[in-house]
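The structure appears below as structure tokens.
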Amino acid sequence: MALEARNTATTDDTVTTAAPRRGIADLPAPRGLPWLGNMLQFKAGHFHEQLDAWCRELGPYYQLKIGRRRMLVVADHEVVAATLRDRPDGFRRTSRLEQVGAEIGLAPGVFNASGEVWRRQRRMVMAGFDPAHVKRYFPSMSAVAQRLDARWQVAAQQGKAIDLQADLMRYTVDTIAGLAFGAEVRTLESDDDIIQQHLDKIFPALARRILAPFPIWRYLPSKADRELEQSMIAVNAAVDGFITQARARMAADPGLREHPSNLLEAMIAAADQPDSGIDDRQVAGNVLTMLLAGEDTTANTIAWMIEALWRNPQALARATAEVRRVVSDPLNPTLEEIDALDYVEACTHETMRLKPVAPQLPLEALRDTVVGDVAVPKGTVVISLLRRDSVSDTFVPQAAHFMPERWLAEGGPGKVANAAKRISMPFGAGPRVCPGRYLAMLEMKMAMATLLGRFDIVSVDTPDGQPAQELLSFTMMPVGLSMQLRRR
């Protein structure tokens, strides 16, 4: 059942909705404690697994109690999709996220903006990430992939295990910094105290503080809290540097105001317009948003995909054969060759179905509405479980299996072939769908072309030899993945 909120204009600005069958208080809830409810049951790093476990026990609609407040958890993919489409007018990012982000020192960006502020910023961001712009940047992307290759060539020659997550985050930071800001940070060439190591502290801190029942860091800051403060100083200094460099380029070449060469220049040009409503703080917020979102999400997906291929040898063999057949020179692939990697792209979609970097998404209702058949008062937090139906045999045949061919025409006719495509929402849905999805897909295929075209995978390991554990650090990442390679 789709989201049934129906707005009607009235003289007193009230919102009318379809008649609900039940309220949040009528839904089942996990057993909690008196007065506190479920507050102390939230475990940072594994919150998504708890939500999934409660969903298996209680069904696709249930409530969480946080003191006197109630949250709604929804797992029905049709209702989830409709909820995501009801942004930015019906739902927004939670005020808790906004509060914690501001306290950490995150300037407002398109990720956490809402209303008309979001609309202004969204137009700028979408212009910077349109496919034509990304394609113009392709030679620079190829240069970043060459640096990844050089790093892995050294590791392969020395027989060293590669810290997969760390290297892939370097790769994505280098890529997004060049495309969005016209800057070369070259983290792939350094193991020193670099911006990537500071960025890595921000998402875990956000997740930890959002779920914390009491803001102890305000009174007894830990070592991690003090390190976060220093990392924010370093990251904000780097962001200020990107902005200073961009303004210098634009001063030297005024034509960049009419034809900006990257996202940052477009934002500065827009911010400098009279009555733009965009100030330097919002520009800085979007720089940091692009760094954070461009680092974690894409790097995590590539890491999950490499592990999935290693554990599915037939899929690995087919992906490897495609890269070596299609890409004539993996060090200098053409955009047309990367676009032609259909099976590798299918592997990315299948990875994101099984291991989405955002398995759950909390949103806050901006008006009284109805979600499914549940009445939702304004201000209620609604947590959408984005993975539950996409890994259920009820909706996706052989849902637990890694089967990239399901994303291709050979995956089967009709409903079977389209089930995963219809249900999986790794980039979100609706007006706030991820603006960087084309870049992310291109980055992932470039990394896989480098890996499979230039190396043979010797092993992909975890500390306990089992499939990688999931850790939700704002985004969901694999724990402890290492890889050993052999040069071709």
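Here are the numbers for this structure:
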{"quantity": "Solution diffusion estimate, µm²/s, Stokes-Einstein, the chain, Kirkwood Rh from C-alpha pairs, 20 °C, viscosity 1.002 mPa s", "calculated": "90"}
{"quantity": "D339 versus R22: modelled label distance in nm, points set 7 Å from Cα along the beta carbon direction", "calculated": "5.0"}
{"quantity": "Highest average packing first - 32-39, 81-88, 333-340, Cβ atoms within 10 Å", "calculated": "81-88, 333-340, 32-39"}
{"quantity": "Estimated D of segment 142-231 in µm² per second, where Rh is the Kirkwood radius over Cα pairs and Stokes-Einstein applies at 4 °C, 1.567 mPa s", "calculated": "86"}
{"quantity": "Cα coordinate range in segment 193-318, projected on the principal axes (Å, largest first)", "calculated": "54, 52, 28"}
{"quantity": "Exposure proxy ranking, count of Cβ atoms within 10 Å, fewest first, for I216, I302", "calculated": "I216, I302"}
{"quantity": "Per residue, the convex hull volume that the Cα atoms of segment 60-188 enclose (Å³)", "calculated": "201"}
{"quantity": "Y438 versus D368: modelled label distance in nm, points set 7 Å from Cα along the beta carbon direction", "calculated": "4.3"}
{"quantity": "Gained length - H259 relative to R122, 0.36 nm times residue gap less alpha-carbon distance", "calculated": "47.5 nm"}
{"quantity": "Computed E for D275/D464 - FRET, C-beta separation, R0 51 angstrom, nearest 0.05", "calculated": "0.30"}
{"quantity": "Span per principal axis, largest first, for the Cα atoms of segment 418-488 (Å)", "calculated": "44, 29, 25"}
{"quantity": "Computed label-point distance, nm, for sites I233 and L40 using a 7 Å Cα→Cβ extension", "calculated": "3.7"}
{"quantity": "Fraction of antiparallel bridges per DSSP, the chain only, in percent to nearest 5", "calculated": "85"}
{"quantity": "Per-selection Rg to Rh, segment 326-427 - Cα, Kirkwood hydrodynamic radius", "calculated": "1.13"}
{"quantity": "Taking segment 265-414 and dividing mean pair separation by its residue count, relative contact order in percent (alpha carbons under 8 Å, at least six apart)", "calculated": "18"}
{"quantity": "Candidate lysines for bridging to K445, where Cα separation is under 21 Å - those fewer than 8 sequence places away on the same chain excluded", "calculated": "K135, K355, K421"}
{"quantity": "Cβ-Cβ FRET estimate between R488 and R69, R0 fixed at 45 Å, reported to 0.05", "calculated": "0.20"}
{"quantity": "Radius of gyration, Dmax [segment 270-371; alpha carbons; angstrom]", "calculated": "20.1, 58"}
{"quantity": "Average Cα contact separation per residue, the chain, under 8 Å, 6 or more apart, as relative contact order %", "calculated": "25"}
{"quantity": "Electrostatic dipole magnitude of segment 366-488 [Cβ: Lys, Arg +1; Asp, Glu -1; Cα centre; debye, to 20]", "calculated": "460"}
{"quantity": "Rounded to the nearest 20 debye, dipole of the chain from Cβ charges on Lys, Arg, Asp, Glu", "calculated": "920"}
{"quantity": "Net length gained if the chain between D456 and R226 were fully extended (0.36 nm per residue, minus Cα distance)", "calculated": "78.6 nm"}
{"quantity": "Reachable aspartates and glutamates, given that their alpha-carbon falls under 15 Å from the alpha-carbon of K43 and they are not under 8 places away in the same chain", "calculated": "D52, E470"}
{"quantity": "Farthest positive-ward along the chain dipole, Cα basis, beta-carbon charges - from G372, A145, P478", "calculated": "G372"}
{"quantity": "Whole-Hz couplings from phi, Karplus 6.51/-1.76/1.60, listed for segment 133-143; x for Gly and Pro", "calculated": "5, 4, 5, 5, 7, 3, x, 5, 4, 4, 5"}
{"quantity": "Near-label residues of segment 209-244 by backbone N, under 19 Å of a point 7 Å along Cα→Cβ of E103", "calculated": "209-233"}
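Rule-based calculations on the coordinates, nothing more; no lab input. Just so you know, these numbers come straight off a predicted model, no measurement behind them. Counting neighbours? That spans all protein chains shown, and the Cβs are built from the backbone with ideal geometry, glycine included.
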